[in-house]
Amino acid sequence: MLLPVFTLKLRHKISPRMVAIGRYDGIHPCLAAATQAGKVFIHNPHTRSQHSSASRAFQSPLESDVSLLNINQAVSCLTAGVLNPELGYDALLVGTQTNLLAYDVYNNSDLFYREVADGTNAIVLGTLGDISSPLAIVGGNCALQGFDHEGNDLFWTVTGDNVHSLALCDFDGDGKKELLVGSEDFDIRVFKEDEIVAEMTETEIITSLCPMDSSRFGYALSNGTVGVYDKTARYWRIKSKNHAMSIHAFDLNSDGVCELITGWSNGKVDARHDRTGEVIFKDNFSCAVAGVLEGDYRMDGRTQLICCSVDGEIRGYLPGTAEMTGNLMDTSVEQDLIRELSQKKQNLLLELRNYEENAKAELSPLSEADGPRGAIPASTTLHTALSVSLGRETQPAHVELCISTSNGKKLCGAGPWGLLCHRGVVLELPWSLSPADTIIRAVLIFAEGIFLGESHVVHPSIHSLSGSVRIPVTPPKDVPVDLHLKTFVGYRSSTQFHVFEMTRQLPRFSMYALSSPDSASEPVSYVSFIIAERAQRVVIWLNQNFLLPEDTNIQNAPFQVCFTSLRNGGQLYIKIKLSGEITINTDDIDLAGDIIQSMAAFFAIEDLQVEADFPVYFEELRKVLVKVDEYHSVHQKLSAEMADNSNLIRSLLVRAEDARLMRDMKTMKNRYMELYDLNKDLLNGYKIRCNNHTELLGNLKAVNQAIQRAGRLRVGKPKNQVIAACRDAIRSNNINTLFRIMRVGTASS
Amino acid sequence: MALHLNRADYLQVGVTSQKTMKLLPASRHRATQKVVIGDHDGVVMCFGMKKGEAVAVFKTLPGQKIARLELGGVLNTPQEKIFIAAGSEIRGFTKRGKQFLSFETNLTESIKAMHISGSDLFLSASYIYNHYCDCKDQHYYLSGDKINDIICLPVEKLPSITPVLACQDRVLRVLQGSDVMYETEVPGPPTVLALHNRNGGNSGEDLLFGTSDGKLGLIQITASKPIHKWEIRNEKKRGGILCVDSFDIVGDGVKDLLVGRDDGVVEVYSFNDANEPVLRFDQMLSESVTSIQGGCVGKEGYDEIVVSTYSGWVTGLTTEPVHKECGPGEEVKINQEMQNKISNLRSELEYLQYKVLQEREKYQQSSQSSNAKSAVPSFSVNDKFTLNKDDASYSLILEVQTAIDNVLIQSDVPIDLLDVDKNSAVVSFSSCDSESNDNFLLATYRCQANTTRLELKIRSIEGQYGMLQAYVTPRIQPKTCQVRQYLIKPLSLHQRTHFIDHDRPMNTLTLTGQFSFAEVHSWVVFCLPEVPEKPPAGECVTFYFQNTFLDTQLESTYRKGEGVFKSDNISTISILKDVLSKEATKRKINLNISYEINEVSVKHTLKLIHPKLEYQLLLAKKVQLIDALKELQVHEGNTNFLIPEYRGILEEADQLQEEYKRQPAHLERLYGMITDLFIDKFKFKGTNVKTKVPLLLEILDSYDQNALIAFFDAA
């Protein structure tokens, strides 16, 4: 069993994910971590701290080998590493919501201090693609920025939503690093410099990413999932009710392959095999884990795995030697193996007995007495059907999943309920069900991303049980979803039920209902492009991605189909001309982007240039851009005011203290009253600044998203060109060019 | 000296009940002993360990579920005759497996507990106690509540036969012949009884008991009165006690106390100089420990604790050192016998898998034919739904013999489902449209592999009643699920007690009308937990209850045609009034309800709440300060400049935070109850004060006892 080689207990809290090890003097590894109240502490056990009380760092009053760094703002990310290769030692990088600080710990000086308007949610340090110098890449609100050691902005691009995690990994195996970005819209995007080469959709916010061997990387989600990808294929994932705080790749069993080490919110640390997810080692802290790192903290030439908990406990583990492979855990392997095998045996025996009993029971005819025990005709099958329902007065439009048993009476026939009642069909009352009619007691749907939690339950009341259940489903996003259904089938009086398990896929654009074209409501916004595909192939694509009624028959090109969104009633037209030109009319720019990306994937299109016009959206964007300018100027004005006030404070304080020394209590009191008022003003000013800043961030996010959306309308090279050109236009504050690029894809006419 | 015990799994049989495994006496000191175990399939198995392999001595044919297994024999000789209770029958086997006794007791219910002493046989079904001597009926007693366990003090040491019953209503009943000599209250519903030191101590009167809420105690049952010796509170909130034994595992010459709990914890207590128990060892197994005994099974000369678990595992916790416990880096050799065992198991599995595949195909084929039917394989679910006194919440424990796949929880009353730390299952709450489908809670628990036991915590609100259902689906083919139902009663937070304070100001609710004793009893059962289903003997009965959250009390006395309920909490009376009139209307019984409200009782209840509320407010305030104080501490380096109060908070920070986390929403619950009290007080006066509730909440926000009482008086 693997035991920690050292355990330290620091008397400082550690903020989750904000801990890093660096050799700030080029020799001694030190641990730096963000702690409470906008401070960063540096633990240096190797040399007694020589820091005098200089500008930023001062010695911690609690511990002699810890020095504190005052940031005066809540730290949002932290890392350490080589930023300037000429320097020969590591720099410490600390990000806050507005700034990025690159700090030279050894000389106790700033390397640079840059304002980052988009905030810094995540940071990674290293070389990206062909850019020669190491970059500190920060991810903020929809934007990514890379700085070199002088603080020059060498890399800038946008992504779909707020960035939560970053990692550098050689994704395509070309020897150069690509940037992995995990964001709030559940996507992991891979940037080869500023080109997106891959996108993987996950089921929750991606909170951590870490590179593993070659093209493998680990990821963690905010719902407690951790897993490993190799390129775009997921090897495995597991879900826990706890949250993964930090993940790191480390070869703990010395087999030459890194394991995924996860630190959990309940204090557990586990190491999982990279291919299978099997746990090979675990340990427990008394509280949540703040970070998992590696470093030669004892300076004996061997790298340790270092785990930190939020209350400052630090443990280091040396990798196990090759002989103890597979035996890092406490319990003995063979005992566990025997237990597992015995359990398997017991399960098989139970299953056998079930069949035996079933065979016995089969001989007796189905009788009333079988009700409670839930024996049902063996031929019972379940039917499922997906359809689009336009909704009724009491219920908004939705996708309807209908499940019915083959031998249960249905309360309603096929078709929507409303219709049935109008036709005057008498509904059969539930109590007229004979005992031989099977009922559906409950349906459990496990699906990711479309329900509040991971599951949705339909449990009809005892009075309205029947052989069929209609379940409204409203996926919030246009992604294909697998619905894993578990249906409990039995009788009204049953205490045991059969569980039917099956999986249905919900197509990507299931929330759009086919409707009859109505030229008056045709949206003015459109995208159009030309593809070299036969119309039949497009029809296949339509069938796969939309819920079309069974009798839909689409003739040859040219044709047009019209859909209505179930979410907001918006119209969607897809027209195909003989020439292969496709026009998509919709006011929803995201939807247009989704359709183009889905088509590109289906037809394997590498590059696609698109002409687009979204007048309404562009007008909104124009307003946003104007607002951004306004907020910027307000921000500057407020900052200037604040500087004035702080000067005033200084002089007031001096005068008040003077008065005190002169024993002129009345003047002193007055001065302090003034100071108090000023302080109040400052606090108010601060609040205004905060509001202004949030507004600014919101608008900047909208701008970044607009660029991203314009990019998503194109595929391949045109896509990157659009993003790069948009960015230039924004830099030069040329709004008209920006819209032009978004429309036609290039700046030049 | 720390006690190190190593775990060794011996064998797995079917699902087992409480107290169904025993060790046969050894032929000589510290020689290996044989294990006898009976399971739900009705199989009695006796086996010994030889070179790490379980070797069966005998195994009977399947039959009815075995509820108990005891050893007996002629007094003062080795007790090596095996007795089992299955259904209403007692069977006896010699240690070689020869059946020498089959005794049909003709009890209408199946036997739940059994004790054997020489030729005396003590049995109990749910409510009935019977004493047989040489299989002849001697004595009989009908208990007021369910009998969980039975024992008889050693007849060798005492002049008379003294059987003791552990009854669900928190009472030990000491019998003499067919009559109760006396009763003694214990702190929880007792589930198991055992003689201290296996022989009742020097006097032969020392009796150990364990309760379903995890408490443990020792009582001396003298001829005239009980003497409580010690009691261990369940501070770590561990599971209920299912089995105890006395055995010197530490090896200091004094017998230690071995305890097995329903959450899989095995504990060893030794006794200090003052003869008080001290925890020496605990280990967590993954499922309920149904039986426990100290002895020697695995290897001669090494003492061990042998336990059996719910799913039928017989496991030893042995003092024998594991030879491969060596420093890191040394190669671990899987020894020969282990390897044999594994390869045997593997080949067995292969054969089984093949067979299962065949059967599966057959099953699939049968589904094609139209007149065949598919029966649901039954599996046993071990469940427990109990009220915790400490935090006034219910805990629901579900245990299945195989791994659980998922559990669906559905409730038609508003309840809160709380997270339990030791669960690893992923919870997901589903939205529910309550009007059409009577669902207030729909939640799924998706269990991780190898989870056989799931624990849930539920917080109910008094006055809201209905049913909670759990659909349990294990990981076994063909997939099936089983429903378990649990009632949430109107006065769900009340608990039975035997003594109340008669000096409190009481409100009275009186029912009169044309109803029978059984009817009024059924209403009380409907409203209150821990009341026996069966109407008690006699014409008139009185039950006392205590509110676990507020410590208010309720006295209910009823007979044919009349029921009187007295409580110092006006809300309790109000709930009873509403529920009873609803129930009576449902059954079309004409009820006369009259009530007598004591104004002083409201003030009294508020005074009862006051210390709790004040404590909670203070706790919340302290917890709020912790972070800020810690920051100051970091900044300044020491805490000398702080006032002692703040220094105190810093010192106790961890405990405070722990405590705060342990009782989430405690303050909200108290507020809710005060609001109910306010509304109920005026409901009896005929005024609706719902509009004044916001004002009340405002007063609570800046809490002051006098202001609150004044508000209650003024409104």
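The values are calculated or read from the model by the stated rules, or taken from the named source; none is laboratory data. Every value quoted in this text rests on a predicted model; they were computed, and no experiment measured them. Positions of Cβ are backbone-derived with ideal geometry, glycine not excepted, and every protein chain shown enters the neighbour counts. Side chains included, ligands, DNA and RNA excluded: accessible areas come from the protein's heavy atoms. Shrake-Rupley method; radii C 1.70, N 1.55, O 1.52, S 1.80 Å.
Chymotrypsin sites (Phe, Trp or Tyr not before Pro) within the range B:596-701: which are DSSP loop residues with at most 12 other Cβ atoms inside 10 Å?
Numbers: sites: B:TYR615, B:PHE641, B:TYR646, B:TYR660, B:TYR671, B:PHE678, B:PHE682, B:PHE684; in loops: B:PHE641.
Those satisfying the criteria are B:PHE641.
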Relative counts (whole %) of C-alpha pair distances in the range A:435-523, using bins that are 10 Å wide: 15, 37, 26, 15, 6, 1
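Determine by what factor the alpha-carbon radius of gyration of the range B:473-558 differs from 2.2 N^0.38 Å, reporting the quotient.
My calculation over the Cα atoms of the range B:473-558 gives 1.48.
If you add up the charges near A:GLY685, with Lys and Arg at +1 and Asp and Glu at -1, over every other residue whose beta carbon is less than 13 angstrom from its beta carbon, what do you get? Don't jump to the answer; show the numbers that get you there.
Values: positive: A:LYS637, A:LYS680, A:LYS687, A:ARG689; negative: A:GLU641, A:ASP644, A:ASP677, A:ASP681.
Here the charged neighbours net out to 0.
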Sites B:ASN344 and B:ALA56, calculated FRET efficiency, Cβ-Cβ separation with R0 22 Å, nearest 0.05: 0.90
Per DSSP, loop chymotrypsin sites (Phe, Trp or Tyr not before Pro) in the range B:400-477 with at most 14 further Cβ within 10 Å: none
Heavy atoms of B:PHE281: accessible area, 1.4 Å probe, square angstrom to 10: 20 Å²
With DNA, RNA and ligands ignored, accessible area of B:LEU696 (1.4 Å probe; Å², nearest 10): 0 Å²
Chain A, helix-only ellipticity at 222 nm - DSSP H runs n ≥ 4, -39,500 (n - 2.57), divided by all residues, nearest 500: -8500 deg cm²/dmol
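Find, among the trypsin sites (Lys or Arg not before Pro) in the range A:601-710, those assigned to loop by DSSP (not H, G, I, E, B) with at most 13 other beta-carbon atoms within 10 angstrom. Can you show the working numbers first?
Details: sites: A:ARG622, A:LYS623, A:LYS627, A:LYS637, A:ARG650, A:ARG655, A:ARG660, A:ARG663, A:LYS666, A:LYS669, A:ARG671, A:LYS680, A:LYS687, A:ARG689, A:LYS701, A:ARG709; in loops: A:ARG663.
Those that pass, being in a loop and sparsely packed, are A:ARG663.
From the protein chains alone at 1.4 Å, what is the descending order of accessible area for A:ASP172, A:ASP148, largest first? Numbers along the way, then the final one.
Details: A:ASP172 65, A:ASP148 15 Å².
Result of the area sort, largest leading: A:ASP172, A:ASP148.
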Cα-based reach from A:LYS344 at 18 Å (exclusive), listing lysines while leaving out same-chain residues under 8 positions away: B:LYS341, B:LYS355, B:LYS479
Radius ratio Rg over Rh of the range A:665-725, counting only Cα atoms, Kirkwood formula for Rh: 1.55
Residue-level accessible surface for A:HIS463, protein heavy atoms, 1.4 Å, Å²: 130 Å²
Partner chain coverage, peptide B:21-32 - average Cβ within 10 angstrom: 0
With eigenvalues of the C-alpha gyration tensor scaled by 5 and rooted, the range B:398-500, Å: 26, 18, 13
Between 0 and 90°, nearest 10: helix A:615-661 axis offset from chain A longest Cα axis: 40 degrees
Estimated distance in nm for a label pair at A:LYS637 and B:ASP134, the labels positioned 7 Å out from Cα along Cα-to-Cβ: 11.1 nm
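Can you give the direction-averaged projected area of the convex hull of the alpha-carbon atoms in the range B:600-714, in nm²?
On the way: hull surface 33.9 nm².
With every direction weighted equally, the projected area is 8.5 nm².
Eigenvalues of the Cα gyration tensor times 5, then square-rooted: what semi-axes does that give for the range A:512-605, in whole angstrom, largest first?
Semi-axes, largest first: 19, 15, 13 Å.
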Buried accessible area, chains B and A (both chains, 1.4 Å probe, Å² to nearest 100): 7300 Å²
Backbone HN-Hα couplings from phi across the range B:154-164 [Karplus 6.51/-1.76/1.60, Hz, Gly and Pro as x]: x, 6, 5, 9, 10, x, 10, 7, 10, x, 10
Long pairs among A:LYS627/A:LYS669; B:LYS225/B:LYS560; A:LYS268/B:LYS384; B:LYS19/B:LYS560; B:LYS34/B:LYS255, criterion Cα-Cα beyond 32 Å: A:LYS627/A:LYS669; B:LYS225/B:LYS560; B:LYS19/B:LYS560
Per-residue average of Cβ from other chains inside 10 Å of B:352-361: 4
Number of partner chain Cβ atoms within 10 Å, mean per residue of A:491-499: 5
Accessible surface ranking that places the most exposed of A:SER109, A:SER208 first, with a 1.4 angstrom probe: A:SER109, A:SER208
Total lysine pairs whose alpha carbons fall under 19 Å of each other in the range B:600-714 (8 or more apart, or interchain): 17
Label-point separation in nm, A:SER579 to B:GLN624, each point 7 Å along Cα→Cβ: 7.1 nm
Computed over chain B, the ratio Rg/Rh where both radii use C-alpha atoms and Rh is Kirkwood: 0.99
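In terms of solvent-accessible area of protein heavy atoms at a 1.4 angstrom probe, what is the ranking of B:LYS384, B:LYS98, highest value first? Spell out each step's value before the answer.
Values: B:LYS384 45, B:LYS98 135 Å².
I get B:LYS98, B:LYS384, largest accessible area first.
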Distant alpha-carbon pairs in the range B:165-323 (separation over 22 angstrom), percent: 42 percent
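Mean projection of the alpha-carbon convex hull of the protein assembly as shown over all orientations, in nm²?
Values: hull surface 260.2 nm².
Mean projected area of the Cα convex hull: 65.1 nm².
Quick check on chain A: what are the equivalent-ellipsoid semi-axes from the Cα gyration tensor, as sqrt(5λ), descending, whole Å?
Values: eigenvalues 554, 293, 150 Å².
Working from the Cα gyration tensor, I get semi-axes of 53, 38, 27 Å.
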